[in-house]
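One structure is given below, encoded as structure tokens.
The values are calculated or read from the model by the stated rules, or taken from the named source; none is laboratory data. Quick caveat, the model's predicted, so the values are computed rather than measured. Using ideal geometry, Cβ is built from the backbone for each residue, glycine included, and neighbour counts are taken over all protein chains shown.
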């Protein structure tokens, strides 16, 4: 089932949680609402579920207006952030709950619950109480319970937020495969960009109750529409410079920016991702003057497959983060240690004026 | 760490004095009076004790009245307490904190004042007196007055017990039930009530003990008519005033016995409550070290 959110606004007292948000979720999509806390992503999810009601705007399912429909009639499966399992019920009865309140015959309930226990790989644990399960298991019980009512849409609020790192990665891959198998329109909320990018077909980045950008993971990552998206997608070097005559300057290195052809200088911000900067020996780029920056290494931290190098450009107080794949770092002609002189070449930079970005 | 044994050793005489003091106070103020009630009640044997209770029709009526008034008051409190606690714990509205403070009024007002207030409202000369006279309903100096007074003084016990428990549990389980298609009553019976059952029982036991023992407010509204509006505590006092000490002590021993039963029930329920709050804590924290099964080969 497709979801169409139109111009939804919601305030809590003076706080505007959602500000005229519109969103389309096509049938069968797995969509991530990504944003910092307070960005309105959970509020939007709860409004789609009918657990919260919007001040303005409408929600449609397959073209039918369901804005005023009560949560229990929406046929939405909701997985809560802390799972909200019924503590006094067994795993079996938790999953059966939605069928029991619909007065389904016992034989049907048993068959359905057994099937779901198999689906979420919890066969034989039906008699346990939630308190006797691990976090990952509880998460899957919550999922099975939501799926038991054959929902048309699955909504998940920070589904992996409370799990430790290893279980999180396993569950997320598992959920992706499950989604591919049952193909249900699903929306999940997360503040973890890695989670959003790995799992979702469409990523929606939210901030201050508004949608900043919406698109495929590649699209959003490679073409951030706003400074916020750029910042939020992690680890980025920001340089406050100027733009004039179609060029911005980053530590004196010109970066083309034809969107601003005017002679009058304006403030601009230049964003460079650590992995889009290249390190080389100063001699190797001597003939490419004006495109690379002389700097010294301050710190080197190896973090698995990535080596993070902190540099300071000569004549500047600013620190610059450069990520080098560890494999590449081994082949470099330079010794990565504090004090080494290096040349830094940007492969890609984005300028925000804040008009649309331009990529060199 | 090194100083710890030294401190303990130094304070040993002090702690001995404190323990002895505490035991002395408890013994003198609680154990000795309670024991003397039972001693006096049974001093002439169980037969005499039973006779004092069963042979006097006024005493019989007082016991019967207490056994009917208290449960009605407790039932009213249970319904009110659950509804009020749910309102306060689940919703934010103007005047909410004022309402919570008002729940406590019966604790801070002297029961005698509460009784007088009820007389001023429901008495023959009271605010609603003419209306009640016209309806031919008798409240003050009658059974309904006793229920009203008892309900008033026990009002905070159930609601006060439930508010913190409901707030700790949070609304998520109820919302989950709604999103799974449960109606309001289904949510209440299947999710809310099982979650608060021990706290509710605790409140009920406390309210019942207080209802059985209430003297001041009931004294004012009852008119203490022997064989009609005397409850057990009123009967104890009346017998005592009439110099019928053995009979008075016999009724008193029933009330004291009830207190002991309450004590045991309270102890058992409080242990369950502690277990439940540990459960809640466990449900919030996620012990992933227990995750042995993982999700191997999840989708075939």
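Restricting attention to strands (runs of 3 or more DSSP E) lying wholly within segment A:1-95, give those where 3 or more residues are at pLDDT 90 or above and more than 10 Å from every other protein chain (Cβ to nearest Cβ).
A:3-12, A:15-25, A:30-34, A:56-61
Within segment B:249-272, one or more residues are within 14 Å of chain A (Cβ to nearest Cβ) and modelled with pLDDT of 80 or more. Of the residues making up segment B:100-110, those that are assigned to a helix (DSSP H, G or I) and over 15 Å from the mean Cα position of the chain (by Cα) are B:100, B:101, B:102, B:105, B:108. Does segment B:84-98 contain any residue that is under 20 Å from the mean Cα position of the chain (by Cα), in contact (Cβ under 8 Å) with a residue 40 or more places away in the chain, farther than 25 Å from residue B:140 by Cβ and surrounded by fewer than 18 Cβ atoms within 10 Å (Cβ to Cβ)? No. Looking at A:268, A:196, A:263, A:295, just one residue is buried (at least 21 other Cβ atoms within 10 Å of the Cβ), touching a strand residue (DSSP E or B) at 6+ places or on another chain (Cβ under 7 Å) and modelled with pLDDT under 85, and that residue is A:268. Evaluating residue A:120 against the criteria (1) over 23 Å from residue A:24 (Cα atoms); (2) at the interface with chain B (Cβ under 8 Å from one of its Cβ atoms); (3) crowded, with 22+ Cβ neighbours inside 10 Å leaves one unmet condition, (2).
Table: residues versus (1) under 25 Å from the mean Cα position of the chain (by Cα); (2) within 14 Å of chain A (Cβ to nearest Cβ).
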residue: B:158; (1), (2): yes, no
residue: B:186; (1), (2): no, yes
residue: B:189; (1), (2): yes, yes
residue: B:203; (1), (2): yes, no
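Looking across segment B:121-132, the residues that are surrounded by 14 or more Cβ atoms within 10 Å (Cβ to Cβ) and assigned to a helix (DSSP H, G or I) come down to B:121, B:122, B:129, B:132.
Number of residues in segment B:181-214 that are farther than 19 Å from residue B:90 by Cα and part of a loop (DSSP other than H, G, I, E, B): the value is 2. Of the helices (runs of 4 or more DSSP H) lying entirely inside segment A:144-232, those carrying at least 3 residues that are more than 30 Å from residue A:110 (Cβ to Cβ) and not assigned by TED's automatic domain parsing to the domain that holds residue A:92 are A:227-232.
Output the residue which, of all residues in segment A:139-168 that are in contact (Cβ under 8 Å) with a residue 40 or more places away in the chain, surrounded by 18 or more Cβ atoms within 10 Å (Cβ to Cβ) and out of contact with any strand residue (DSSP E or B) (no Cβ under 7 Å at 6 or more places or on another chain), is nearest to the other protein chains (Cβ to nearest Cβ). Can you show your working first?
Just the residues of segment A:139-168 that are in contact (Cβ under 8 Å) with a residue 40 or more places away in the chain, to begin with: A:139, A:141-159, A:161-162.
Among the residues that remain, those that are also surrounded by 18 or more Cβ atoms within 10 Å (Cβ to Cβ) are: A:139, A:141-149, A:151, A:153-159, A:162.
So of that shortlist, the ones also out of contact with any strand residue (DSSP E or B) (no Cβ under 7 Å at 6 or more places or on another chain) come out as A:139, A:141, A:144-145, A:148, A:162.
Numbers: A:139: 9, A:141: 11, A:144: 12, A:145: 7, A:148: 8, A:162: 5 Å.
Ranking the qualifying residues of segment A:139-168, first place goes to A:162.
Pairs are defined by a Cβ separation below 9 Å, a sequence spacing of at least 6 or placement on different chains, a first member in segment A:66-78 that is under 11 Å from residue A:47 (Cα atoms), and a second member that is surrounded by 16 or more Cβ atoms within 10 Å (Cβ to Cβ) and modelled with pLDDT under 85; no pair meets this definition.
As for segment A:116-138, it holds no residue that is out of contact with any strand residue (DSSP E or B) (no Cβ under 7 Å at 6 or more places or on another chain), assigned by TED's automatic domain parsing to the domain that holds residue A:33, in a helix (DSSP H, G or I) and within 18 Å of residue B:182 (Cα to Cα).
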